[in-house]
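In what follows, a structure is listed as C-alpha cells, so that the remarks can point back to it.
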Amino acid sequence: MDRYKLAEMNWPEVEEALSQGVDTVVVTFGSTEQHGLHLPLATDSLWGEALGERVTRKLGNACLAPALRIGCSEHHMAFPGTITLRKETFVEVIADYCQSLARHGFRNIVLIPTHGGNFAPLAEAVESLAGRLPDVNIIAYTDLMELLDASFRIATERGVTPAEAGGHAGEWETSMILTLRPELVAMDQAQAGYVGDMKSVASVVFEQGFRAVTEIGVLGDPEKAGPASGEAYLEALTELLVTHVQARRR
C-alpha cells in the first residue's frame with residue numbers, strides 16, 4: 001500500500017485497503033497548549049503525529065488516522081492560547097472516533113496519547129468502550145511514567161539529566177521539535193523552568209496547574225537540546241510503542 005494516511009486517501013482507496021486485510025489503524029492524541037517561551041502550542045501534536053507516522057510504517061499493514069490536536073489541558077489554561085476539552089468531552093470524542101473506524105472494518109485500533117493530560121482520560125475512554133465495541137481490539141498506550149522513563153534513559157545516555165530532559169518543554173521535547181520543525185523553535189527565548197523530580201511534581205501540576213510550579217510553563221531545561229537528540233528520542237519511543245502494539249495486535 002503506497003499511501004497509508006487516511007486523510008490523504010480517497011474512499012475507494014480505503015475500501016481497497018480494508019479488502020486487502022489492512023485492519024489496523026493508528027490515532028494520536030496531542031494538544032494545543034503552552035510550551036514555555038520557546039516552543040509552539042502544537043508541540044505535543046507535532047511530535048505525536050511524527051511518532052504516529054513512524055509507528056504506522058514500522059507496524060506495516062496499517063493506516064494512520066487524523067490526529068486529535070485538542071486534549072485535556074485544563075492545567076495549562078493560565079497561559080494564553082491553550083485550548084482544552086473537558087474530560088467527559090474527550091472520552092466521548094474517543095468513543096465516537098473509535099466507533100466510526102470500527103464501522104468501516106478496522107479491527108485493531110491503536111490509540112497513542114502524546115500529551116500527559118490525555119493518558120488518564122484515554123484509559124477511562126477505553127474502559128467505557130469495552131461494552132460498545134466487543135469485537136474490536138482497542139490497543140491504547142496509557143503508561144505515562146513508562147514513556148517518561150524511556151525518554152530519560154535516552155537523555156542519560158546523551159549526558160542530559162532527567163531533571164534537564166524534563167516533563168514539559170524541557171530538553172527532550174525541545175530536541176524533538178528541533179528535529180521536526182526547527183523554524184518553530186525560539187532557542188534564544190529558551191529558559192529553564194522547574195528542574196526537580198518530574199514524577200513527584202506530576203500530581204501538583206495536574207491538580208493545581210502549571211503556574212503552581214513554574215511561571216514560564218516549563219518542566220526541565222532546554223539548553224542542551226539538539227536535533228540529533230530529538231531523532232534518538234523519536235527512535236526510542238517508536239520502538240517502545242511498536243513493541244507494545246505488536247504484543248497485543250490480533
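The values are calculated or read from the model by the stated rules, or taken from the named source; none is laboratory data. What you see is a predicted model; the values in this text were computed from it and never measured. As a convention, Cβ positions derive from the backbone with ideal geometry for all residues, glycine included, and neighbour counts pool all protein chains shown.
K58 fulfils the conditions (1) outside any helix (DSSP H, G or I); (2) modelled with pLDDT of 95 or more except for a single criterion, (1).
For T89, indicate whether it is out of contact with any Gly (no Cβ under 9 Å at 6 or more places or on another chain), more than 21 Å from L237 (Cβ to Cβ) and of a type in the set (V, I, T). Criteria met by T89. Scan segment 172-181 and give yes if some residue there is modelled with pLDDT of 95 or more and more than 26 Å from V110 (Cβ to Cβ), otherwise no. Yes, segment 172-181 contains a residue that is modelled with pLDDT of 95 or more and more than 26 Å from V110 (Cβ to Cβ). Taking segment 223-250 as the range and being closer than 14 Å to A155 by Cβ and crowded, with 23+ Cβ neighbours inside 10 Å as the test, the residues that pass are A225, S229, G230, Y233, L237. Filtering segment 91-127 to residues that are under 15 Å from A140 (Cα atoms), among the charged types (D, E, K, R) and free of Cβ contacts under 8 Å to residues at least 24 places away in the same chain leaves only E127.
On the given criteria, is R181 out of contact with any Phe, Trp or Tyr (no Cβ under 8 Å at 6 or more places or on another chain), basic (K, R), under 14 Å from S229 (Cβ atoms) and touching a residue at least 40 places away in the same chain (Cβ under 8 Å)? In short, no. Residues in segment 1-41 that are without any contact (Cβ under 8 Å) to a residue 40 or more places away in the chain and among the small types (G, A, S): S19 only. Being within 19 Å of L39 (Cβ to Cβ) and free of Cβ contacts under 8 Å to residues at least 60 places away in the same chain holds for only one residue in E171, E164, and it is E171.
Return the residues of segment 50-92 that are among the β-branched types (V, I, T), over 27 Å from Q246 (Cβ atoms) and surrounded by 14 or more Cβ atoms within 10 Å (Cβ to Cβ); say none if nothing qualifies. Across segment 50-92, the qualifying residues are I70, T82, I83, T84. Every condition in (1) surrounded by 15 or more Cβ atoms within 10 Å (Cβ to Cβ); (2) modelled with pLDDT under 95; (3) not charged (D, E, K, R) holds for G220 except the one numbered (2).
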